[in-house]
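To start, the structure under review is shown below, and the notes come after it.
The values are calculated or read from the model by the stated rules, or taken from the named source; none is laboratory data. This one's a predicted model, so the numbers in the text were calculated from it and none came from an experiment. Positions of Cβ are generated from backbone atoms using ideal geometry, with glycine treated the same way; all protein chains shown enter the neighbour counts. Each accessible area value is taken on the protein alone, full model and side chains, heavy atoms only, with ligands, DNA and RNA left out. Shrake-Rupley method; radii C 1.70, N 1.55, O 1.52, S 1.80 Å.
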Amino acid sequence: MNTTVSDKMFEKAKEVIPGGVNSPVRACKSVGRNPIFIQKAKGSKVYDIDGNEYIDFVCSWGPMIHGHAPDEIIDAVKEAADDSTSFGAPTTKEMALASMVVDAVPSIEKVRFVNSGTEATMSAVRLARGYTGKDIIVKFDGCYHGHADSFLIKAGSGLITLGIPGSPGVPDDVVKNTISIPYNDDEILEKTLREKSDSIACVIVEPVAGNMGCISPSKTFLKKMRELTTELGIVLIFDEVITGFRLSYGGAQELFGIMPDLTCLGKIIGGGLPVGAYGGKAEIMDQVAPDGPVYQAGTLSGNPLAMAAGIANLRLLRRDNFYKELNEKAEFFADGLAKAAESAGVPVTLNRVGSLMTGFFTQDPVTDFESAMKSDSDKYAVHYRQMLEKGVYLAPSQFEVAFISASHTTEELKKVIEMTEWSFKKLA
Ligand code: HOZ
């Protein structure tokens, strides 16, 4: 595989963009090679600027649940663009998408659109603080809620990938208001919430962790969290930026039957355009300006192209058996990968929830940040490079998830399982 043009472009990009990328994991540092520059994508395939073709398991980190460039979404965006790309004023499109979100997500009665997942979580936390009059937020080690100051403490995604514990530039005064505790530990959760309930505004959690690799919640974790937060007057926020409209049409909350007070969304609701949203109980959402005193605003919020793409994306999800078929495909793939590891004699723990999965290079169960960190990232790096050579585009980090889309065919998945076995055997 020749990536000479990508390599050249990366050198040029580094002259004008920090690290040559607009989001750190993309620089591929932890997998020991230069990133490939993508030219275009269709269905399950991405094509780089050297003309190489890859089967894509990054899927733009989640939004492309139907694969790349479905006609319905492209047509909707083109049609919307003909009417201009932004108004900074109310439109019927934003009302239509809001209604679809309210109908779909069980706990959301009202929703506000923003431009990214980061904006959604940042705004939801401000709202929780405004609503409760308390300051402290509780998060979980290895969960990632975007890059707002309050969340960059023992965070997942790029920070765990690059081994960064926090970030310079986040004032101590902000850090002191964030408590980060282990994922899936009911005891520490209870102790923390009971001890500090008078000052805790909210608990924010990824109901399935997707930024330290895929980690499912234990049977009791979310239930306990819901019971405690209700009892102690703490707002419960589900960050469903990854899981929303992915694990089911109503997200992880519908799958597990646990209702948060506020939900953050992004990725799929924008069909690949920049969108985030936060929503929840009307009683809390009515505190947002202009109805209430909690301020949040944005020129491009509810942008007509993004709304059009989101509407088209959600419509496609309502096809009969969509999630059943997607999850079956993912199960087939995960089983195949686990068998490939076994046959190659490489210790791999395969975590999967619906169409999200991660193969951790460790023989032990991965249930939290600490156990995720035990996986052999160097092995993952070699595996990543070997698979790329064979035309498989994986996330350039051990601590991200693989996304299965409706456009991945069983034939393709079989082929990738075979390549994985080949790669694992080389590793062994
Ligand atoms: N940090 C996000 C993935 N968990 C996005 C990475 C990117 O877009 O580069």
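General observations
- Verdict on Leu236 being touching a residue at least 40 places away in the same chain (Cβ under 8 Å) and either open to solvent by less than 50 Å² (accessible area, probe 1.4 Å) or not in a strand (DSSP E or B) (or both): no
- Pairs with Cβ under 7 Å, 6+ apart, first in the stretch 260-272 and among the acidic types (Asp, Glu), second open to solvent by 10 Å² or more (accessible area, probe 1.4 Å): Asp261/Lys281
- Residues located in the stretch 186-216, provided they are out of contact with any Phe, Trp or Tyr (no Cβ under 7 Å at 6 or more places or on another chain) and under 26 Å from Ala402 (Cβ atoms): Ile204, Glu206, Val208, Gly210, Cys214, Ser216
- Residues of the stretch 10-43 satisfying the condition of being within 11 Å of the ligand (Cβ to nearest atom) and either among the β-branched types (Val, Ile, Thr) or within 20 Å of the chain's Cα centre (by Cα) (or both): Val21, Asn22, Ser23, Pro24, Val25, Arg26, Ala27, Cys28
Quick grid of which residues meet (1) acidic (Asp, Glu); (2) under 22 Å from Ile74 (Cβ atoms); (3) in contact with a Pro (Cβ under 6 Å, 6 or more places away or on another chain):
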residue: Val275; (1), (2), (3): no, yes, no
residue: Gly279; (1), (2), (3): no, no, no
residue: Asp286; (1), (2), (3): yes, no, no
residue: Ala308; (1), (2), (3): no, yes, no
residue: Arg319; (1), (2), (3): no, yes, no
residue: Lys324; (1), (2), (3): no, no, no
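- Within the stretch 248-262, the set of residues being open to solvent by less than 50 Å² (accessible area, probe 1.4 Å) and more than 24 Å from Ala76 (Cβ to Cβ) comprises Ala252, Gln253, Ile258, Pro260, Asp261, Leu262.
Rundown of residues vs (1) closer than 29 Å to Thr409 by Cβ; (2) aromatic (Phe, Trp, Tyr), yes/no style:
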| position | (1), (2) |
| --- | --- |
| Gly251 | yes, no |
| Gly279 | no, no |
| Ile284 | no, no |
| Tyr295 | no, yes |
| Met307 | no, no |
| Lys329 | yes, no |
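- Number of the condition not met by Gln287 [criteria: (1) among the polar types (S, T, N, Q); (2) open to solvent by 20 Å² or more (accessible area, probe 1.4 Å); (3) closer than 25 Å to Lys154 by Cβ; (4) in contact with a strand residue (DSSP E or B) (Cβ under 6 Å, 6 or more places away or on another chain)]: (3)
- Matching residues in the stretch 303-320 - criterion: being assigned to a loop (DSSP other than H, G, I, E, B) and of a type outside the set (D, E, K, R): Asn303
- Criterion (crowded, with 18+ Cβ neighbours inside 10 Å, out of contact with any strand residue (DSSP E or B) (no Cβ under 9 Å at 6 or more places or on another chain) and closer than 25 Å to Ser60 by Cβ) met by exactly one of Ala372, Ala406, Ala395: Ala406
- Of the helices (runs of 4 or more DSSP H) contained entirely in the stretch 44-138, not one carries at least 1 residues that are under 20 Å from the mean Cα position of the chain (by Cα), crowded, with 16+ Cβ neighbours inside 10 Å and basic (Lys, Arg).
- From the list Glu418, Glu411, Glu342, the lone residue that is assigned to a helix (DSSP H, G or I), more than 16 Å from the ligand (Cβ to nearest atom) and either farther than 24 Å from Val46 by Cβ or among the aromatic types (Phe, Trp, Tyr) (or both) is Glu342.
- Where a residue in the stretch 1-16 is modelled with pLDDT under 95 and its partner, wherever it lies, is assigned to a helix (DSSP H, G or I) and not β-branched (Val, Ile, Thr), with Cβ under 9 Å and at least six apart: Met1/Leu388; Met1/Glu389
- Filter pass, Thr243 being buried (at least 22 other Cβ atoms within 10 Å of the Cβ), out of contact with any Ser or Thr (no Cβ under 9 Å at 6 or more places or on another chain) and hydroxyl-bearing (Ser, Thr, Tyr): yes
- Within the stretch 366-397, the set of residues being part of a loop (DSSP other than H, G, I, E, B), within 24 Å of Ile164 (Cα to Cα) and not charged (D, E, K, R) comprises Val366, Thr367, Met373, Ser375, Leu394, Ala395, Pro396, Ser397.
- The set of residues from the stretch 360-369 being over 16 Å from Cys143 (Cα atoms), touching a residue at least 24 places away in the same chain (Cβ under 8 Å) and open to solvent by 10 Å² or more (accessible area, probe 1.4 Å) comprises just one member, Phe361.
- Inside the stretch 174-222, residues that are in contact (Cβ under 8 Å) with a residue 60 or more places away in the chain and within 24 Å of the chain's Cα centre (by Cα) make up a count of 20.
- The stretch 332-359: number of residues that are charged (D, E, K, R) and either crowded, with 16+ Cβ neighbours inside 10 Å or under 20 Å from the mean Cα position of the chain (by Cα) (or both): 1
- Search result, residues across the stretch 154-192 that are open to solvent by less than 30 Å² (accessible area, probe 1.4 Å) and under 18 Å from Thr121 (Cβ atoms): Ala155, Gly156, Ser157, Gly158, Leu159, Ile160, Gly166, Val170, Thr178, Ser180, Ile181, Tyr183
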